[in-house]
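These notes are about the structure you will find just below.
Only the coordinates and a few stated rules stand behind these numbers; no lab work does. From a predicted model like this one, the values you see are computed outputs, not experimental measurements. Glycine also receives a Cβ, built like all others from the backbone with ideal geometry; neighbour counts cover every protein chain displayed.
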């Protein structure tokens, strides 16, 4: 992201998929938990930063995932 790597780069796609699989594993694939966590971090961006996830990085990952789901 910081180097300007596009969201459709294979490395970015691979990392985004790994992130998505980790989220699915952690939540048991429960979409309500996933959406609840997304809302929490949108409402509390400082909490996300404490876990190493900036809002910019989160949006970058979401765009990469949306790009591969097309």
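Quickly estimate the mean residue ellipticity at 222 nm for the chain, helices only: each DSSP H run with n ≥ 4 gives -39500 (n - 2.57), and the total goes over all residues, rounded to 500. Let's see the in-between values first.
Values: 4 runs with 51 residues, N = 70.
Rounded to the nearest 500, the figure is -23000 deg cm²/dmol.
Just to verify a number: FRET efficiency for residue 46 and residue 10, C-beta to C-beta distance, R0 = 22 Å, to 0.05?
About 0.10, to the nearest 0.05.
Compute the Cα gyration tensor for segment 30-70, then decide on rounded, prolate or oblate, letting a ≥ b ≥ c be the square roots of its eigenvalues: rounded whenever a/c is under 1.5, prolate when a/b is larger than b/c in the other cases, and oblate in all that remain.
Oblate, since a/c reaches 1.5 and b/c is not below a/b.
How far, in nm, would the chain grow between residue 25 and residue 59 when pulled straight, counting 0.36 nm per residue and subtracting the alpha carbon separation?
Computed gain between residue 25 and residue 59 is 10.2 nm.
Please report the relative contact order for the chain, taking Cα pairs under 8 Å with a sequence separation of at least 6, and give it as a percent rounded to a whole number.
Reported relative contact order: 46 percent.
Between 0 and 90 degrees, rounded to the nearest ten: what's the tilt of helix 55-68 against the longest Cα principal axis of the chain?
Tilt relative to the chain: about 60 degrees.
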